[in-house]
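Student: Before we start, here is the structure in question, set down as structure tokens.
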Amino acid sequence: MTDADTPAPAPRFRSDMTVELVKHSAADTDVLWAARVSTAGEQSLDELSKDPERSKGLINFLMRDRHGSPFEHNSMTFFVSAPLFVFREFHRHRVGWCLAGDTEITLVSEAGNLRRKPIAELYRQWHEGVEDSLPWSAGGVTWHRKAQKWMAQVRLRGTYHYLGLHETREAAQSAVLEFREQNPSTRLRRLASVRRNHVRCYDEESLAAQRAPILDVIESGVKPLLKIRTRQGRELRCSVDHAVFTPDGWCKAGELAPGDAVMVAGTAARPTERLVPPSLRRGIGVWTSMQRDRLIAEEDVCHVCAGRFPRAQLALDHVVPVVDDLQRALDAGNLAPACQACHTEKSAAEQARAVRGGKVAVARPDEVASVIPDGEEMTYDLSVEGPWHNFLANGIVVHNSYNEESGRYRELQPVFYVPDEERKLVQQGRPGKYEFTAGTQEQHKLVREAMTHSYAQAYETYRELLEAGVAREVARAVLPVGLYSSMYATCNARSLMHFLGLRTRHEEARVPSFPQREIEMVAERMEARWAELMPLTYAAFNANGRVAP
């Protein structure tokens, strides 16, 4: 039964957000041993049992003086169920698994052609546009009849620039060329083709190369970086907790050491398929010839074209080709007469179906030669559609940290967001200084009625498209951003503090923030779970103005 054949579920409406901590490795002790290892070395673990007040003071010192790296040696994975518009804000500002701007991403065309582009350039083109080859300037050289000379004139951004009269056409053209060189006029345009980019990714079970669409390109802020170099010369500059694919599964960059293996882009020999070895084919041919006089009459019918031919113009043909079923190669019941023309054409087509080796793209292991700190700079990340959620960065297979439910692979359920009466509806003030006040009962009634009607109509249209045979990835375009979706998001304490500083409004915050209420609801629930896991770190975060180190 297809999606379209199942009865349409009734729309449901929610006003809450679901946030669950599904797994973690996070405690204040993670911060302490990471900080003390620089002075205590292998004895840093023994330091954890010493004076609790001393530990509290160390965490506060690290937070106050913005020593960020000790707060990165932990991990928390949250399951979040919220409206789509919340996720758009969430992954714009989520941080953690990040790449340096010069990291080259491998893009794949529909025809399978590969090209590489730095992730910083990909981010700029994704959000700002690409340079248009057509200039903004127009005009050029014309013949001025009254003066009997060549006139040069250029229009740039709506203004005409007179460049004088010239004796020759070449001189006028030179004036125009010089003006355009001094006044570059290429423009940025947001071209739809940029948003259709696909990346090279890999099936994590077969390791075969695949192709996946980019969902978003994210600027993740300035982060400390590691440089991973492999024996075969590949380099990856990424944050300490970026996930890297290894022969044993996913591993954080900071956990890698020389001698470990990471998966990189490579090739493997394609196995020869559907090709009968020449020696075996000759043997089958000899046996088939021995059956000719017994199975072909003096005059017989070609089983392919149904024409009648004398025996001399007929050959015995395998009805089920040998390349399809080798076990029937010596089955006399699988032989039938065929004229020479049909037999030659059919045999050639069967041989052409054989895949004769070559190379296929796969992921293969490469040994890590070194892992060293490499400064701090602006970082970026990709969000890649599933089911694998990985991509090639400088030839090394890495993961994205934002996995959202896909409307491409399953039918989306009609669960929609409708604010409750506690949600303030009226917006006042200027951008960055908005204040919200409670709405009237009439406004709340209008919002609820308008939203529920719009949601029901949109979902009905979505189902109609599915019933008409339209692909799910196309039909989902009619659904509104109030639709609930689900995702897994992984972060460390440092990245979570950065997120909370942006997406919560708190009286202890040194830098005020004015988040949308719905994403603040998600952030508050994440904050509550983190505070239980790392109370000393959480207290230091608040005491130091809720600014991430």
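Student: Within the accessible area of region 435-546, what % is carbon and sulfur when the probe is 1.4 Å and the other protein chains stay in place?
Tutor: 52
Student: Right, another one. Net charge within 13 Å of Thr246 by Cβ-Cβ distance, Lys/Arg positive one each and Asp/Glu negative one each, not counting Thr246 itself?
Tutor: Net charge in that neighbourhood comes out at -4.
Student: Trypsin sites (Lys or Arg not before Pro) within region 215-245: which are DSSP loop residues with at most 13 other Cβ atoms inside 10 Å?
Tutor: Arg231
Student: Counting Lys +1, Arg +1, Asp -1, Glu -1, what net charge surrounds Val304 among other residues with beta carbon under 11 Å of its beta carbon?
Tutor: Residues close to Val304 contribute a combined charge of -1.
Student: Report the label-to-label distance for Glu345 and Thr267 in nanometres (one decimal), using points 7 Å from each Cα along the Cα→Cβ vector.
Tutor: According to this spin-label approximation, the distance is 3.6 nm.
Student: Here's a follow-up. With the other protein chains left in place, how much accessible area per residue, in square angstrom, belongs to region 204-274 at a 1.4 angstrom probe?
Tutor: Here the per-residue accessible area is 45 Å².
Student: From zero up to wherever the largest Cα-Cα distance of region 225-332 sits, split into 10 Å bins and tell me the percent of pairs in each.
Tutor: 11, 26, 14, 7, 10, 13, 13, 6, 0
Student: Separate question: At a temperature of 25 °C and a viscosity of 0.890 mPa s, determine how fast region 441-549 diffuses translationally according to Stokes-Einstein, using the Kirkwood radius over alpha-carbon pairs as Rh; express D in µm²/s, rounded to the nearest whole number.
Tutor: Reported coefficient: 143 µm²/s.
Student: State which entries of Lys56/Lys252; Lys56/Lys223; Lys23/Lys223; Lys117/Lys223; Lys56/Lys424 exceed 32 angstrom in Cα-Cα distance in the structure shown.
Tutor: From the list (Lys56/Lys252; Lys56/Lys223; Lys23/Lys223; Lys117/Lys223; Lys56/Lys424), the Cα-Cα distance tops 32 Å for Lys56/Lys424.
Student: Could you state the accessible area per residue of region 361-402 in Å², with a 1.4 Å probe and every protein chain left in place?
Tutor: 29
Student: Okay, next question. Suppose all protein chains stay in the model; what accessible area per residue would a 1.4 Å probe give for region 477-541, in Å²?
Tutor: Per residue, region 477-541 has an accessible area of 41 Å².
Student: May I ask for the net charge around Phe13, where only other residues with Cβ less than 15 Å from the Cβ of Phe13 are counted and Lys, Arg are +1 while Asp, Glu are -1?
Tutor: Taking every other residue near Phe13 into account, the sum is 0.
Student: Could you tell me the center-to-center distance, by alpha carbons, between region 450-503 and region 285-333 in angstrom?
Tutor: Each part's Cα centre sits 61 Å from the other's.
The values are calculated or read from the model by the stated rules, or taken from the named source; none is laboratory data. Worth saying up front: this structure is predicted, and the values here are computed from it rather than measured. Please note: Cβ atoms are built from the backbone with ideal geometry, for glycine as well, and neighbour counts cover all protein chains shown. Each accessible area value is taken on the protein alone, full model and side chains, heavy atoms only, with ligands, DNA and RNA left out. Shrake-Rupley method; radii C 1.70, N 1.55, O 1.52, S 1.80 Å.
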